[in-house]
Amino acid sequence: MKELSVPLESIGPCLQGVLPSWLVTCSAEGVPNATIISIVRYVDSERVALTRQFFNKTRANLDENPQAQVIVVDPGSGDQFVLDLRYLHTEGEGAIFDEVEANLAAVASQMGMSDVFRLRGVDIHRVLRCDPFGETAAVQEPVAERDALPFLDEFMRRLALCVDFADAARVGLETLDDLFGFAYSILLTADEGGDRLFAVSTNGYVPSGVGAEVPVGVGLVGVAAERRRVVCVSNLARSRAMNAAVQDSLRRSGAEPSALEIELPGLERVQSAAAVPLLARGELTGVLYLESERQGDFGPGKERLLRIIGAQLAAALAVLEADRAESDAGVSVPAMAPQGEPLVIAYYQADDSVFVDDTYVIKGVPGRILWKLLCEHAADGRTSFSNRELRLDEHLGLPAGNNNLEARLLVLRKRLAALECGILLDRVDRGLLSLTVSAPLTLAEVPTTGPMRAAHQPRAGA
């Protein structure tokens, strides 16, 4: 095939699905038909993939006459280019189909329209010609991407120096910002049931949103977890779209209000985003979520880089989570008894949620852990606890094997520190935790949702 007048690599932003495109076909008799399609995706220097979401007339035209034209638009400059195409074949499975289908599913989930956008297939076309469309269209030289290998090497080196799960979670996200310019990121870990993810660490967001939950299958994060594929979207124009979809899903499912009390953070002017599944030993352990205020920041060229980053981060976190060389120490030598007005602690068995003086703190496994620590402190003044005893405590309901205890403790520690509610949990040594309570405790356990629930709703901004 002869070289194209405008190389496809030079119009990369046009081939990321940021803006819809016009596709024109003709019948065997020469009758034209035009339709709008969602995505024209770069495959290689000679081929593009088009989403097959069009009407039967376009399908019939391509069967009769496999020639087509498509107009694509640069989202930054508005420049347009026309591509002369020859239809080759349709793929209903495989790598290209899965990538496009996952992206569409993620966007549809965010919009609450999962049942509307159904990808029937991707049509692979050979590009016969690519020309500027209109007098103002400017052809840019392809931007050479910098060699990522030195940065990946440094990323792995920094992770290898981390001493525990919390350290790796923090260093991992800070290094993504430092080396790759991914300034806004969230690390989420899968829960024991595999149907939800919870945020354990964030970078660039205020408030941090640690403890927020995302159902698997909802939004970019949920779809990436469900499909176990990197999902990159370059046209997220709606502010906080993912968080809105997550909360709407929880409300429709009848979830308890406590499931909505920690919001997943998000940029107000988010334009592009990526969700990277974290896999270890063949199992989903979490998702890395990235946002940007620039369009096209996570195009096809970044997906391979993100897969490598995700694999390395997952491996480092899995090793540190599974490290069981923990102290057995868990002493009950109390310090001076705290004075002042007591902290009123309410624990609800229905969802293991904990409130401190009407402020929602946490629920689920971290809630059960916090309740255990507070009960033992109230009984005998105990302030020191070990990871090992928590792992072995059958009342906490932690599953055998890799139970995400380190991730749960990290969420709990960050929530308590952020709320400034008079309770702190610090890591003082390998496998050792120190509980600090600023006042006496008044504990109340509610077996089911009852009248006390209304008295312990979260304060604004909790």
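Pick out the one residue from Ala454, Ala460 that is open to solvent by 20 Å² or more (accessible area, probe 1.4 Å), modelled with pLDDT under 90, hydrophobic (A, V, I, L, M, F, W, C) and assigned to a helix (DSSP H, G or I). Let's see the steps before the verdict.
Working: Ala460 fails: assigned to a helix (DSSP H, G or I).
It is Ala454.
Each row is one residue, and each column tells you yes or no for (1) over 18 Å from Ala190 (Cβ atoms); (2) open to solvent by 60 Å² or more (accessible area, probe 1.4 Å); (3) modelled with pLDDT under 95.
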{"position": "Ser353", "(1), (2), (3)": "yes, no, yes"}
{"position": "His377", "(1), (2), (3)": "yes, no, yes"}
{"position": "His395", "(1), (2), (3)": "yes, yes, yes"}
{"position": "Leu398", "(1), (2), (3)": "no, no, yes"}
Residues (open to solvent by 20 Å² or more (accessible area, probe 1.4 Å) and either modelled with pLDDT of 90 or more or small (Gly, Ala, Ser) (or both)) located in the range 143-162: Ala144, Ala148, Pro150, Phe151, Asp153, Glu154, Met156, Arg157, Arg158, Ala160, Leu161
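Results for (1) touching an Asp or Glu at 6+ places or on another chain (Cβ under 8 Å); (2) not small (Gly, Ala, Ser), shown as yes or no for each residue.
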site	(1), (2)
Cys14	yes, yes
Leu23	no, yes
Pro32	no, yes
Ala49	yes, no
Given (1) open to solvent by 10 Å² or more (accessible area, probe 1.4 Å); (2) more than 17 Å from Ala417 (Cα to Cα); (3) not charged (D, E, K, R), number of the condition Phe385 does not satisfy: (1)
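Quick check on my filter: what residues within the range 75-110 are in a loop (DSSP other than H, G, I, E, B) and open to solvent by less than 30 Å² (accessible area, probe 1.4 Å)? Don't jump to the end; show me each part of the working.
Here is the first cut: in the range 75-110, the residues in a loop (DSSP other than H, G, I, E, B) are 75-79, 92-94.
Result: Asp79, single match.
The values are calculated or read from the model by the stated rules, or taken from the named source; none is laboratory data. Since the structure is predicted, the reported quantities are computational estimates derived from the model, not experimental observations. Backbone-built Cβ (ideal geometry, glycine too); neighbour counts: all protein chains shown. Quick note on the areas: whole protein, heavy atoms, side chains included, nothing else; ligands and nucleic acids left out. Shrake-Rupley method; radii C 1.70, N 1.55, O 1.52, S 1.80 Å.
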